[in-house]
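Asker: Just dropping this structure here.
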Amino acid sequence: MTDAVTETLRQLDQLRTRLSRGELYQRLPQKVGELIDNLPHEKRTPVPVLKDNKAALAQIKSLRLQIKQKKLTAISDDEIDFLLAHLAATDLLVRDKGVYFLFNDILQARLLSAAQIKRIFHRLLDPNMLYRHILETKSNAIFLRSFSVMILSGILYVDRMHYHTLQTADLEEVSLKISAYMAMETDGRGYIGTRGWAHAYSHVGNVLDELTESTSLNRANKLFYLTVLLARYQRLESPLIFGEDHRLALAIANLVNKNKFYADYFLLLLQAWQRELMIMRPQENEGFWNCWYNRNRLLQALIIRGDLPQKIQDFLMQIVDVF
């Protein structure tokens, strides 16, 4: 983990603590925005490429067949390590069609012990997986980061529904680390050439839904990750054009429909975003217009849902002519 990543986590943790103490509320979006605006851009470094695709596919195929035939009753720690390592694969058949599908099979079949759930949980939150090369320019490292987020959402789901091994402190750790992930992740690519899905912000939506469903995670944490999501989204210069708008609109709707408190706060965020837009001057660069149309797509996706609290729906309809 680089010094910049460590410092980002520290500053976000401080902001979350201040929010929990009631020291920040309406000023939180400004503080988070300033943090994101001041993130450094690190020098691009080589990303190792896994070269065992054929052997990996054979092992994945064997494990899936054993699960299908109900011949497998447990997964070894070595097999778990193998699968987690291959989330970094640039071959879509290994990473996406392989490891991801196999993990779904494993979770559905309940083949993991509670100890393994906890072990995988901590591995996925390890900065060497979740934040690898995150402050550099676009690279193949996006696959490991993004699919770590995706598998994390599956672990959170099965734990909430079946295992019940993760404690409140664990969920608070996820809340902070996924907030840091959103703050730093600028690679919004969806489907990448012959290498398949990256889709980081769709995967983020899955994790946020799990945190929203948690009854042990407090309001401050939920307000915090909502704030970071909006602050990053309005600054994201990478176009989100592979359905991320609808996935994130769902995550937002799931939270604001939980309680009037979240709805009121989200409306404040939208109003602040609108005020900034009204004083903004168009810039003749690609990043500006990607931000502009990312906003359009998200707000349209929110309107189309039709299930938001009425005051939010009314506000969106008032500003529809602006976008």
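Asker: Residue by residue, what Karplus-based ³J(HN,Hα) values in Hz, rounded to whole numbers, does region 30-41 have, using 6.51, -1.76 and 1.60 with θ = phi - 60° and x for Gly and Pro?
Answerer: Ordered by residue, 3J(HN,Hα) equals 5, 5, 5, x, 5, 4, 5, 4, 9, 5, x, 9 Hz.
Asker: By how many nm would the segment from residue 285 to residue 303 grow when fully extended, if each residue of separation counts as 0.36 nm and the alpha-carbon distance is taken off?
Answerer: My answer for the length gained is 3.7 nm.
Asker: What's the longest uninterrupted piece of the chain once you rule out the trypsin sites (Lys or Arg not before Pro) that are loop residues per DSSP with at most 13 other Cβ within 10 Å?
Answerer: Longest stretch, sites excluded: 111-323.
Asker: Next question, about the same structure. How many angstrom separate the Cα center of region 228-243 from the Cα center of region 67-117?
Answerer: Region 228-243 and region 67-117 have Cα centres separated by 30 Å.
Asker: Next question, about the same structure. Need the list of lysines near residue 61 for cross-linking: C-alpha distance under 16 angstrom, and skip anything on the same chain fewer than eight residues off.
Answerer: 70, 71, 97
Asker: Say R0 is 22 Å: what FRET efficiency, to the nearest 0.05, do residue 78 and residue 126 get from their beta-carbon distance?
Answerer: For R0 = 22 Å, the calculated efficiency reads 0.80.
Asker: Could you tell me whether region 90-194 comes out rounded, prolate or oblate from its Cα gyration tensor? Rule is a ≥ b ≥ c as square roots of the eigenvalues, rounded for a/c under 1.5, then prolate if a/b exceeds b/c, otherwise oblate.
Answerer: oblate
Asker: Could you please state, rounded to a whole Å, how far the C-alpha centre of region 120-163 is from the C-alpha centre of region 8-40?
Answerer: If we compute the Cα centre of each part, the gap is 23 Å.
Asker: A further question follows. Leaving ligands, DNA and RNA out of it, report the carbon-plus-sulfur percent of the accessible area of region 266-318 at a 1.4 Å probe.
Answerer: 55 percent
Asker: Does region 42-138 classify as rounded, prolate or oblate by the C-alpha gyration tensor (a ≥ b ≥ c root eigenvalues; a/c under 1.5 gives rounded; else a/b over b/c gives prolate, otherwise oblate)?
Answerer: It is oblate, given that a/c is not under 1.5 and a/b is not larger than b/c.
Asker: What's the carbon and sulfur percent of region 16-81's accessible surface, probe 1.4 angstrom, rounded to a whole number?
Answerer: Exposed carbon and sulfur together represent 50 percent of the surface.
Asker: Shifting gears a bit: Determine ³J(HN,Hα), in whole Hz, for all residues of region 137-149 in sequence, where each value follows from phi through the Karplus function 6.51 cos²θ - 1.76 cosθ + 1.60 and θ = phi - 60°; x replaces Gly and Pro.
Answerer: For region 137-149, the Karplus-derived couplings read 6, 3, 7, 5, 5, 4, 5, 5, 4, 5, 6, 5, 5 Hz, x marking Gly and Pro.
Asker: Separate question: Output ³J(HN,Hα) for region 283-295: one whole-Hz value per residue in order, computed from phi by the Karplus curve 6.51 cos²θ - 1.76 cosθ + 1.60 with θ = phi - 60°, and x for Gly and Pro.
Answerer: My calculation for region 283-295 gives 10, 8, 8, 5, x, 4, 6, 5, 4, 4, 7, 4, 4 Hz in order.
Asker: Specify the angular offset, from 0 to 90 degrees and rounded to the nearest 10, of the alpha carbon long axis of helix 219-233 from the longest principal axis of the alpha carbons in the chain.
Answerer: Tilt relative to the chain: about 80 degrees.
Asker: For residue 110 and residue 42, what does the FRET efficiency come to when R0 = 45 Å and r is the distance between their Cβ atoms, rounded to the nearest 0.05?
Answerer: My answer for the efficiency is 0.65.
Asker: Fully extended, how many nm does the chain gain between residue 314 and residue 55 (0.36 nm per residue separation, minus their Cα-Cα distance)?
Answerer: Result for the pair: 87.7 nm of gain on full extension.
Asker: A follow-up question, please. Within region 228-323, report the GluC sites (Glu not before Pro) that DSSP leaves as loop and that have at most 15 other Cβ atoms within 10 Å.
Answerer: Answer by residue number: 237, 284.
Asker: Dipole magnitude of the chain about its Cα centre, charges +1 at Lys/Arg Cβ and -1 at Asp/Glu Cβ only, in debye to the nearest 20?
Answerer: Around 520 debye, computed over the chain.
The values are calculated or read from the model by the stated rules, or taken from the named source; none is laboratory data. It should be emphasised that the depicted structure is a prediction, and the values quoted were computed from it without experimental measurement. Cβ coordinates were reconstructed from backbone atoms using ideal geometry, including for glycine residues, and neighbour counts include every protein chain displayed. The protein model used for the area step is the full one, side chains on, heavy atoms only, and it has no ligands, DNA or RNA in it. Shrake-Rupley method; radii C 1.70, N 1.55, O 1.52, S 1.80 Å.
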